[in-house]
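The values are calculated or read from the model by the stated rules, or taken from the named source; none is laboratory data. Model, not experiment: these values are computed from the prediction. Virtual Cβ from ideal backbone geometry, glycine too; neighbours counted across all protein chains shown.
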């Protein structure tokens, strides 16, 4: 594997355990403005677009602005409760690699710019990312974000390694021929098997293992 000069981080499940925060806040907005019988588990099948895109699937155009504003209010409140800290060791890892002169650290996530800004600020992590690439209203756009990253900085695909947590992340990076480290430390052990089969040799079960893998591919 060619030495990597760019680390592109996912947020949810990679930087922090934010799944509950995302589900709960979208659920509250959809329940209030569109569907009183909607549940948190119902959210899962609509993953891909940003939170704004998911909410727009349910809330009519007339109510959408109010629903989005309500969602952001709930998100700001719950971010401080449900996402108090990044995963243990993540702050030090980001500080370490963002300070290396020949390494570019970016955020590349499917969530909205608005919620990313809130949570990065709450966690005190904003300064570690030179640029944020966020999601799209209608679909998952991580492949497009990778291409934009390459264009923005004049990079080749083998300059970049993505750090994400899902099997979908592995498949998307395969589609654009970008290497990926799979972070499984946010999951119970019984959910890791599929990812381990899909991305052998590049699995981080702890943030310490992530640090070791990043060091290996960037030195």
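Side notes on the structure shown:
- Given (1) over 13 Å from the mean Cα position of the chain (by Cα); (2) surrounded by 18 or more Cβ atoms within 10 Å (Cβ to Cβ); (3) in a helix (DSSP H, G or I), number of the condition residue 22 does not satisfy: (1)
- Lone qualifier among 117, 122, 92 - being under 20 Å from residue 206 (Cα atoms) and surrounded by fewer than 19 Cβ atoms within 10 Å (Cβ to Cβ): 92
- Criterion applied to 195, 163, 180 was being part of a helix (DSSP H, G or I) and surrounded by 14 or more Cβ atoms within 10 Å (Cβ to Cβ), and the one residue passing it is 195.
- Flag if residue 131 is within 15 Å of the chain's Cα centre (by Cα), within 23 Å of residue 3 (Cβ to Cβ) and free of Cβ contacts under 8 Å to residues at least 40 places away in the same chain: yes
- Flag if residue 108 is within 25 Å of residue 180 (Cα to Cα), touching a helix residue (DSSP H, G or I) at 6+ places or on another chain (Cβ under 7 Å) and touching a residue at least 24 places away in the same chain (Cβ under 8 Å): yes
- Any hit, region 3-15, residues being surrounded by 17 or more Cβ atoms within 10 Å (Cβ to Cβ), out of contact with any strand residue (DSSP E or B) (no Cβ under 6 Å at 6 or more places or on another chain), part of a helix (DSSP H, G or I) and modelled with pLDDT under 95: no
- Meeting the requirement of 1 or more residues that are touching a strand residue (DSSP E or B) at 6+ places or on another chain (Cβ under 6 Å), more than 18 Å from residue 12 (Cα to Cα) and assigned by TED's automatic domain parsing to the domain that holds residue 178, the helices (runs of 4 or more DSSP H) wholly within region 39-139 are 90-98.
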